[in-house]
Each structure stands twice: as structure tokens, then as C-alpha cells.
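One structure is given below, encoded as C-alpha cells.
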Amino acid sequence: MPTLQERIQIVLFMAKFDLPKQVIRELKKKIWRLSKISSRTVIYTIYSKFKETGSVLDKEKCGRNSLNTNKSQEIVTYFTENPLR
């Protein structure tokens with residue numbers, strides 16, 4: 001996905017030009033890496049999300065939190081010091 005700076009630029013260009021094809025042309029003029037953002041669908045998605053939420057940031061990830069890194073390190077240390085037979 002595009003970086004935060006690229007997303008902001010896409011929103012600004014879409015507000016100005018209203019055409020994803022023109023946004024791609026303008027981004028090419030600025031010599032941006034277009035491998036991830038050259039799709040009109042990606043540009044529409046970013047702009048639609050901005051119009052809906054007022055932000056270009058990703059939503060917070062849901063689900064279970066990862067294990068505490070200290071606890072993980074303790075487990076690794078334990079099994080390193082006490083190998084199984």
C-alpha cells in the first residue's frame with residue numbers, strides 16, 4: 001500500500017483533478033514509485049475512504065494482542081537452558 005505521504009498526495013490530486021488517470025499522470029511527473037499505486041482502484045479506494053472518514057490512516061487492527069515479548073524471551077531462555085531429551 002502507499003505510504004502516508006503518498007495517500008495524502010493522492011487525496012489532494014483527486015480533489016483537484018477528480019480523475020484517477022490524471023492523478024497517476026501527476027504522480028509520474030513527481031517521479032514517485034508507482035508499483036503499488038498505479039491502479040485506479042487503489043486511488044478510488046483511498047479517496048473514498050478519505051471522503052467517508054476524513055482520514056487516510058488505516059483502521060486499528062482488531063483481534064488478539066501478541067504475546068508479551070518479555071514472557072516470550074523467558075520461555076526461549078528456559079528451553080535453551082533446559083533442553084528436552
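Rule-based calculations on the coordinates, nothing more; no lab input. Fair warning: this is a prediction, and the values are worked out from it, not measured in the lab. Positions of Cβ are generated from backbone atoms using ideal geometry, with glycine treated the same way; all protein chains shown enter the neighbour counts.
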Check: How do LEU27, LEU84 rank when sorted from fewest to most other Cβ atoms within 10 Å of their own Cβ?
Finding: LEU84, LEU27
Notebook entry, point to check: Which of the lysines could a cross-linker span from LYS30 if the Cα-Cα distance has to be under 17 Å and same-chain partners fewer than 8 positions apart are dropped?
Noted result: LYS16, LYS21
Next item on the list: Would you mind checking the pairs LYS28/LYS51; LYS51/LYS71; LYS28/LYS59 and listing those with alpha carbons more than 31 angstrom apart?
Entry: LYS51/LYS71
